[in-house]
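The values are calculated or read from the model by the stated rules, or taken from the named source; none is laboratory data. Everything quoted here is computed from the prediction, not taken from an experiment. Here the Cβ positions follow ideal geometry from the backbone for every residue, glycine too, while neighbour counts run over all protein chains shown.
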Amino acid sequence: MFENIGGKLKTFAKVSFWVGMVFAVLLGIVEAAQSKSFLLGVLETALWALGIWLEALVVYAVGDIAEKSAENNKLLTKMAASQLEQEPKRVSRLDALSKDEPARPTDGWICEQCGMRNSSGARFCKGCGNYK
């Protein structure tokens, strides 16, 4: 029932517009015949037609917004999925360093927070600022 609500609102706006226009013209003809004033009938028809057009315009715009939002949501979901597939698995710097080469005591120290290798004289990590 609530699938493709934007398309349904747009269809409703189109149908209600044409039904309303027919109603406005018939009402104008009846008014002109009863009051014997053609100008009053035309004016009433024009006012009804304007109101019906504005109503249909608003409903159509809401339907269009709902439709575009659904399309954008689908595109964003696809983009997020493809970005997750393309993103390499992250490995911490500490893991990468320990796999590549073992740390030697003369090489300094490795920050426990970010895994950055620092010189032995450094008291703060040059990568994150963590205290030794």
Every listed condition ((1) modelled with pLDDT under 90; (2) more than 30 Å from Gly6 (Cβ to Cβ)) holds for Met79 save (2)
Scanning the stretch 16-68 residue by residue, those within 25 Å of Gly6 (Cα to Cα) and in contact with an Asp or Glu (Cβ under 9 Å, 6 or more places away or on another chain) turn out to be Ser16, Phe17, Gly20
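Right, Ser120: small (Gly, Ala, Ser), at pLDDT below 85 and more than 39 Å from the chain's Cα centre (by Cα) or not?
yes
Based on what the data block shows, is Ser98 among the polar types (S, T, N, Q) and at pLDDT below 80?
Values: among the polar types (S, T, N, Q): yes; at pLDDT below 80: yes.
So Ser98 passes the test.
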> Does Trp48 satisfy the criteria of being assigned to a helix (DSSP H, G or I) and loosely packed, with under 15 Cβ neighbours inside 10 Å?
Replying inline: no
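Which one is modelled with the highest pLDDT, of the residues in the stretch 24-45 that are of a type in the set (D, E, K, R) and either surrounded by 14 or more Cβ atoms within 10 Å (Cβ to Cβ) or closer than 23 Å to Lys14 by Cα (or both)? It would help to see each step written out before you state the result.
In the first step, residues of the stretch 24-45 are kept if they are of a type in the set (D, E, K, R); the result is 31, 36, 44.
This time we only want the ones that are either surrounded by 14 or more Cβ atoms within 10 Å (Cβ to Cβ) or closer than 23 Å to Lys14 by Cα (or both), so: 31, 44.
Numbers: Glu31: 80, Glu44: 84.
Checking each candidate, the answer is Glu44.
So which of Phe17, Phe12 ends up being under 24 Å from Ala56 (Cα atoms), buried (at least 16 other Cβ atoms within 10 Å of the Cβ) and among the aromatic types (Phe, Trp, Tyr)?
Working: Phe12 fails: buried (at least 16 other Cβ atoms within 10 Å of the Cβ).
Checking each option against the conditions leaves just Phe17.
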